[in-house]
1. Might you let me know whether region 115-128 holds any residue that is within 16 Å of the ligand (Cβ to nearest atom) and of a type in the set (D, E, K, R)?
2. Evaluate the following for K248: is it at negative phi and either within 16 Å of the ligand (Cβ to nearest atom) or modelled with pLDDT of 95 or more (or both)?
3. Taking region 70-86, which residues are closer than 21 Å to L147 by Cα and either open to solvent by less than 10 Å² (accessible area, probe 1.4 Å) or β-branched (V, I, T) (or both)?
4. Find the residue count for region 110-130, including only residues that are among the β-branched types (V, I, T) and more than 16 Å from K183 (Cα to Cα).
5. What pairs come out if I take residues in region 259-283 that are in the same structural domain as P295 (by TED's automatic domain parsing) and pair them with residues that are more than 14 Å from the ligand (Cβ to nearest atom) and assigned to a loop (DSSP other than H, G, I, E, B) whose C-beta lies under 7 Å away, six or more apart or interchain?
6. Here are the criteria: (1) in contact with a strand residue (DSSP E or B) (Cβ under 9 Å, 6 or more places away or on another chain); (2) among the hydrophobic types (A, V, I, L, M, F, W, C); (3) surrounded by fewer than 21 Cβ atoms within 10 Å (Cβ to Cβ); (4) more than 18 Å from A291 (Cα to Cα). Tell me which single one L215 does not satisfy.
7. Provide a single number: the residues in region 282-315 that are open to solvent by less than 50 Å² (accessible area, probe 1.4 Å) and either within 16 Å of the ligand (Cβ to nearest atom) or under 17 Å from G163 (Cβ atoms) (or both).
8. State the number of residues belonging to region 115-146 that are in a strand (DSSP E or B) and either farther than 16 Å from A164 by Cα or assigned by TED's automatic domain parsing to the domain that holds W324 (or both).
Amino acid sequence: MRTEILSTGMYVPSRVVTNDDLAQMMETSDEWIVQRTGIHERRWVEVPGTGASELGVQAARAALERAEMKPEDLDAIIFATLSPDHFFPGSGVLVAAKLGLKETPALDVRNQCSGFLYSLQVADGWIRAGIYRRVMIIGAEVHSAGLDKTTRGRDVACIFGDGAAAVIVGPTEDDSRGIRSIKLGADGRHAGDLWIEGLGSAFPVIADEEQLKQLKQWPAMEGSKVFKFAIVRMPAITRAVLEAEGVKVEELKLLIPHQANQRISDAVQRSLGLRDDQVFNNIAKYGNTTAASIPLALHEALEQGRLARGDWLAFAAFGSGFTWGAALVRW
Ligand code: UT7
């Protein structure tokens, strides 16, 4: 038995924030952002205080509708995010409650840009072990609530955007199809290269002006270091999942890389020797939506008819942790 992707759904807030809009808030320009990241615009929630579960539940409803399923048909929910609604509990239980579910198990995954692939491996394990038959994976982020929107934070603020996407996975008896290989990695020695240091148990609650001045409540990123690791790890682990199943790079119909930076996707493409038509990117419209980025791109790729039954599809991700991963799917 294997796991197949049965349905997808997405939701992005209607508020479009262009690079020119950012230039009103900080010293930056459309030219700089487009050249260094390929991003033209991103979405931010219309109403500050809208949590990731609110975006997530809209994507979940869209995936359920497409699958002609009811929330009660789900056996479990996995919610991947780095921007949960609250410190605890996780946003998965909030989505379940919003869907009207009162007993369905809900797990939160905190693996940032690799969160979707970590979730997919957990769901694949549950399904292949016969524990659950219908698992909803949601990736959702509200970055706009946690960005330093001044010149000080421009390296991070120009990249990240809000959005959500969901997939429903279930078993298939057809052994040739579905998820064929998933590989994951992590190297916590680089935790401090992309993180929010404050607001955790290892950092005292921000209670006074002095602590606020330390700025540990904002994301901090060693951008060029993340970049350099990403363009090595992503192609390597993609090759590993292809090799695990004896699939050649030329046979790949589509690679959906985590939408971190267009230049990262381009470097991964070059490193693997893929043609333009073999790689799907939508970062120009949404920026980097972290845990939502791969399912969001998958949803749009399907809408555009980029995948047919039997096609080889790969996902690859890299991000905070550092964590990374790749998956190979036969559609
Ligand atoms: O999902 C994983 C999440 N993170 C990533 O994928 C990030 C990967 N890294 C990147 O995408 C890039 O490193 C950035 C886009 C963040 C930065 O691009 P870069 O080409 O690596 O620039 P840099 O960090 O080397 O900075 C070059 C200059 C600096 O100014 P000085 O020190 O040379 O005067 C920055 O302060 O660009 C400046 N800069 C900006 N200028 C205008 C940084 N951000 C901006 C900005 N607008 N938004």
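The values are calculated or read from the model by the stated rules, or taken from the named source; none is laboratory data. Source: prediction; values computed, not measured. Every residue, glycine as well, gets a Cβ built from its backbone with ideal geometry; the counts of neighbours run over all protein chains shown. Side chains are part of the model used for accessible areas, which takes the heavy atoms of the whole protein and leaves out ligands, DNA and RNA. Shrake-Rupley method; radii C 1.70, N 1.55, O 1.52, S 1.80 Å.
1. no
2. Answer is yes for this residue.
3. A80, T81
4. Of region 110-130, the ones among the β-branched types (V, I, T) are 122, 127.
Checking which are more than 16 Å from K183 (Cα to Cα) leaves us with 127.
Number satisfying all stated conditions: 1.
5. Listed pairs, sorted by first residue: Q259/N282; F280/R306.
6. (1)
7. 21
8. The total comes to 1.
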